[in-house]
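Structure, as structure tokens:
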Amino acid sequence: MTGSIKSKERYLKISKANKGKKCTNETKKKMKENHPDVSGEKNTFFGKNHTDETKRIMRIKSLKRREITLNGKKLRTFFNKKACDYFDKLMKENNINIQHALNGGEYYLKELGYFLDGYDIKNNIVYEWDEYQHFDKNGELKEKDVIQKEIIDYLGCKFVRFKQTDFILKTYPNL
């Protein structure tokens, strides 16, 4: 990529179009062949990991990029409607209040850079709704989604997780 604005715009458009797409092994091989100066051990980040503090900063900056403003109030641009429906059901059945995307907005832990799917402030209970993409091919929660301990340590709360696929199929088929 050259330094011109045109090529930067083109790069960003291509990057946006490819976001979330998986590369085939053949494509990965071609990229490695075309960029031997940055592949494998030649990559300056090879074998390194971000610190927890760096991850927190990156998370906060990412969230800021995804915020929109409506009538002076910041809103997140995406949430899980099925989780909100279930939290509403829990509130009705247990006479509690769970703050979520459609009930006051997701509770934001500014210091940690997390939006909580659901939070019962009065009882100090966090509700996490794990969609299928939170799990690896073996059905284990991905490392980046294991945020529970950090939140529990910060809030001193109880933490309840719901695995959407199990829950929808077995417990609440009308969602």
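In the range 116-136, what residues are in contact (Cβ under 8 Å) with a residue 40 or more places away in the chain and crowded, with 16+ Cβ neighbours inside 10 Å?
Hits for the range 116-136 are Y127, W129.
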| field | Yes/no for D85 being modelled with pLDDT of 85 or more and under 19 Å from the mean Cα position of the chain (by Cα) | value | no
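So for the range 1-19 (the condition being within 30 Å of K149 (Cα to Cα) and modelled with pLDDT of 70 or more), does at least one residue qualify?
Filtering the range 1-19 down to residues within 30 Å of K149 (Cα to Cα) leaves 19.
Imposing the further condition that a residue be modelled with pLDDT of 70 or more reduces the set to 19.
Among the residues of the range 1-19, at least one is within 30 Å of K149 (Cα to Cα) and modelled with pLDDT of 70 or more, which makes the answer yes.
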| remark: When the range 39-55 is checked residue by residue, the ones that are at pLDDT below 75 and in contact with a Lys or Arg (Cβ under 9 Å, 6 or more places away or on another chain) are S39, G40
| R76 closer than 23 Å to I147 by Cβ, exposed (fewer than 12 other Cβ atoms within 10 Å of the Cβ) and at pLDDT below 75 | no
| said: Quick check on the range 98-107: of everything there that is crowded, with 18+ Cβ neighbours inside 10 Å and either touching a Cys at 6+ places or on another chain (Cβ under 8 Å) or in contact (Cβ under 8 Å) with a residue 24 or more places away in the chain (or both), which residue is farthest from E53 (Cα to Cα)? | reply: I98
| query | Looking only at the range 19-33, which residues are part of a helix (DSSP H, G or I) and surrounded by fewer than 10 Cβ atoms within 10 Å (Cβ to Cβ)? | reply | N25, E26, E33
| message | For the range 139-154, which positions are under 14 Å from D117 (Cα atoms) and modelled with pLDDT of 70 or more? | response | I147, Q148, I151
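The values are calculated or read from the model by the stated rules, or taken from the named source; none is laboratory data. Treat the numbers as computed from the prediction; the structure is a model and nothing was measured. Positions of Cβ are backbone-derived with ideal geometry, glycine not excepted, and every protein chain shown enters the neighbour counts.
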